[in-house]
Amino acid sequence: MEAVLPGTVIGIKTSSGVVFAGEKRLTYDGFILSKNVRKLFPITDHVAVGFAGLTGDMNYLYRVLKAEAKRYELEHGREIKARSLAKLLSIILYSYKLFPMLTEAVVGGFDEAPSLYVLDPVGSLLEERYTALGSGSQLALSIVEQGYREDMPLEEAKNLALKAILAAIERDVLSGDGVDFLLITREGIRSEEYMLTRSSS
Amino acid sequence: MSFGLSAAAYDRAITIFSPDGRIYQVEYAFESVRRGWTTLGLKSKKAAMVVVEKKKISPLVDENQIQKIFKIDDHIGSSFAGIASDGRVLIEYARQEALLHRLYYDEPAPVEYLVKRVCDVKQAYTQHAGVRPFGVAVIFAGVDDQGTQLYMTEPSGRYLSYYAVAVGEKANVVSEFMEKNYRYDMDVKETIKLGIQAIASVIEGKPSSELIEAGYVDVDSKKFVIMSRSEIDSVLQELAKEGKIKL
């Protein structure tokens with residue numbers, strides 16, 4: 001059986017942009033180590049990445065991608081596209097094939113058009129319209145699937161993502177405590193953060 | 001050494017500057033380029049191309065098999081003047097870099113990116129001990145998301161972007177021709193014709209597709225194609241009909 005990666009992260013692509021949503025819980029063997037962890041990361045002004053899995057692995061991958069994106073920008077004179085960043089991440093993940101990063105990743109962005117890609121721990125790369133990662137993914141994905149329309153306004157996609165994350169938080173012990181959003185449009189990335197309990201700051 | 005006493009010792013190792021700041025071995029490498037087969041690159045709004053003059057080496061050489069225009073990737077072609085083996089090695093390197101770019105980023109390499117990689121190698125060979133500089137000028141013609149691109153790389157590792165550039169034996173004549181006849185707003189056909197006319201006009205004797213090789217890439221297809229003998233022949237025929245060349 002495949003190891004279940006803790007956490008829940010959602011990516012939804014619509015015709016007007018991409019929505020990322022993720023909860024904020026960090027668990028360690030049944031203990032909640034933190035209630036305020038970020039699992040969604042902007043990489044450039046128009047491309048972001050989200051992870052479910054081990055926090056150490058996702059922070060490492062974030063630092064590598066951030067550096068690679070900067071290097072790409074210096075070499076090419078423009079921002080890296082989501083497709084290129086996803087391909088690069090796929091190669092990085094595959095290079096750890098024998099001792100893999102315990103993460104699933106979603107890469108999304110708005111360059112020429114909205115785009116969304118999903119990667120498994122060893123880097124298989126799939127293009128999707130919507131996706132959910134982590135231990136709460138099955139609960140979340142069933143909600144997203146029911147409400148998804150390609151032409152839905154971004155605000156509606158955000159509410160759908162919120163509904164799906166809350167459903168995962170409700171029944172998945174490894175997810176909880178708050179919700180993060182990244183809303184990616186042609187104009188750039190907007191970030192929002194919500195805490196669920198008073199003691200979770 | 002044919003220099004005076006003061007200059008004599010400064011070309012024994014390439015890593016040594018002469019007192020006036022020159023590196024003789026790098027300058028000699030330019031001499032290899034100057035003696036090379038005439039090679040022209042040009043770009044217009046709609047297309048970029050490279051054209052070369054092929055010379056008769058010996059009646060026993062199968063000249064049909066000599067290749068002077070090289071496809072680097074779908075969207076980039078190139079040619080060079082100078083030491084052919086040096087050129088071949090750099091072409092191989094450029095191809096590898098172009099493939100790696102596709103592998104890492106899932107998109108074609110920008111032309112300047114590739115030119116920069118090749119010039120990094122050229123530069124290293126003007127500085128490291130125990131090596132000699134590359135005796136070639138490589139011309140890259142391609143199309144990327146910035147439009148048509150044309151670069152010429154020098155043995156020193158310097159590169160510049162051009163509208164039209166000629167290297168090799170008759171570079172001066174071809175450059176003069178381009179200065180007189182070049183326009184940026186040419187269409188694909190006009191670009192190809194001008195390029196072939198320029199090289200045809202420096203060929204000693206009768207120009208023919210046996211003595212000319214050409215390749216081009218246009219902004220719509222973004223595919224570099226090496227022209228066939230018959231394609232070049234028909235362009236030559238057209239040019240002859242218009243009285244621009246004599247066949």
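The values are calculated or read from the model by the stated rules, or taken from the named source; none is laboratory data. Being a predicted model, the structure only gives us computed values, none of them experimental. We place every Cβ from the backbone using ideal geometry, glycine too, and count neighbours over all the protein chains shown. With ligands, DNA and RNA removed, areas are computed over all heavy atoms of the protein, side chains included. Shrake-Rupley method; radii C 1.70, N 1.55, O 1.52, S 1.80 Å.
Centroid-to-centroid, using Cα positions, segment A:32-49 and segment A:169-198 are 9 Å apart. Solvent-accessible area of B:TYR163, all protein chains in place: 130 Å² (probe radius 1.4 Å, heavy atoms, ligands and nucleic acids excluded).
The A-B contact accounts for approximately 1100 Å² of buried accessible area, totalled over both chains at a 1.4 Å probe radius.
Heavy-atom surface analysis with a 1.4 Å probe gives the protein assembly as shown a carbon and sulfur content of 52 percent of its accessible area. Note on chain B: helix-only mean residue ellipticity at 222 nm, from DSSP H runs of 4+ residues weighted -39500 (n - 2.57) and normalised by residue number, equals -11000 deg cm²/dmol.
Exposed loop sites here are GluC sites (Glu not before Pro) assigned a DSSP state other than H, G, I, E or B and surrounded by at most 11 other beta carbons within 10 Å; excluding them, the longest clear run of chain B is B:1-203.
Seen from all sides and averaged, what is the projected area of the convex hull of the Cα atoms in segment A:100-183, in nm²?
On the way: hull surface 24.2 nm².
With every direction weighted equally, the projected area is 6.1 nm².
For chain A, the relative contact order comes to 32 percent (Cα pairs under 8 Å, sequence separation of at least 6).
Per-residue surface analysis assigns A:ILE92 an accessible area of about 30 Å², computed on protein heavy atoms at 1.4 Å probe radius. Projecting the Cα atoms of A:LEU65, A:PRO153, A:VAL107 onto the dipole axis of segment A:8-200, where Lys and Arg carry +1 and Asp and Glu carry -1 at the beta carbon, places A:LEU65 farthest toward the positive end. Peptide A:79-86 is shielded by partner chain Cβ atoms: per residue, an average of 2 of them sit within 10 Å of its Cβ. Go through B:LYS45/B:LYS71; B:LYS55/B:LYS193; A:LYS70/B:LYS122; A:LYS13/A:LYS81; B:LYS71/B:LYS206; B:LYS180/B:LYS244 and tell me which ones have a Cα-Cα distance over 23 Å in this structure. Table pairs above 23 Å Cα-Cα are A:LYS70/B:LYS122; B:LYS71/B:LYS206.
As a check on your grasp of the helix formula, calculate [θ] at 222 nm for chain A: sum -39500 (n - 2.57) over DSSP H runs of n ≥ 4, divide by the residue count, round to the nearest 500.
One gets -11000 deg cm²/dmol as the mean residue ellipticity at 222 nm.
Evaluating 6.51 cos²θ - 1.76 cosθ + 1.60 at θ = phi - 60° for every residue in segment B:42-55, the Karplus couplings come out as 8, 9, 10, 4, 9, 8, 10, 8, 10, 9, 9, 8, 9, 9 Hz, glycine and proline recorded as x. Averaging Cα coordinates gives a centre for segment A:127-161 and one for segment B:141-206; these two points are 54 Å apart. Probing with 1.4 Å while keeping every protein chain in the model, the per residue accessible area of chain B equals 48 Å².
Interface residues of segment B:109-153, defined as a loss of at least 30 Å² in heavy-atom accessible area between the chain alone and the complex of all protein chains with a 1.4 Å probe, are B:TYR113, B:ASP145.
Please give the average number of partner chain Cβ atoms lying within 10 Å of the Cβ of each residue in B:187-200, rounded to a whole number. Numbers along the way, then the final one.
Working: counts 0, 0, 0, 0, 0, 0, 0, 0, 0, 0, 0, 0, 0, 0.
Across the residues of B:187-200, the mean count of other-chain Cβ atoms within 10 Å is 0.
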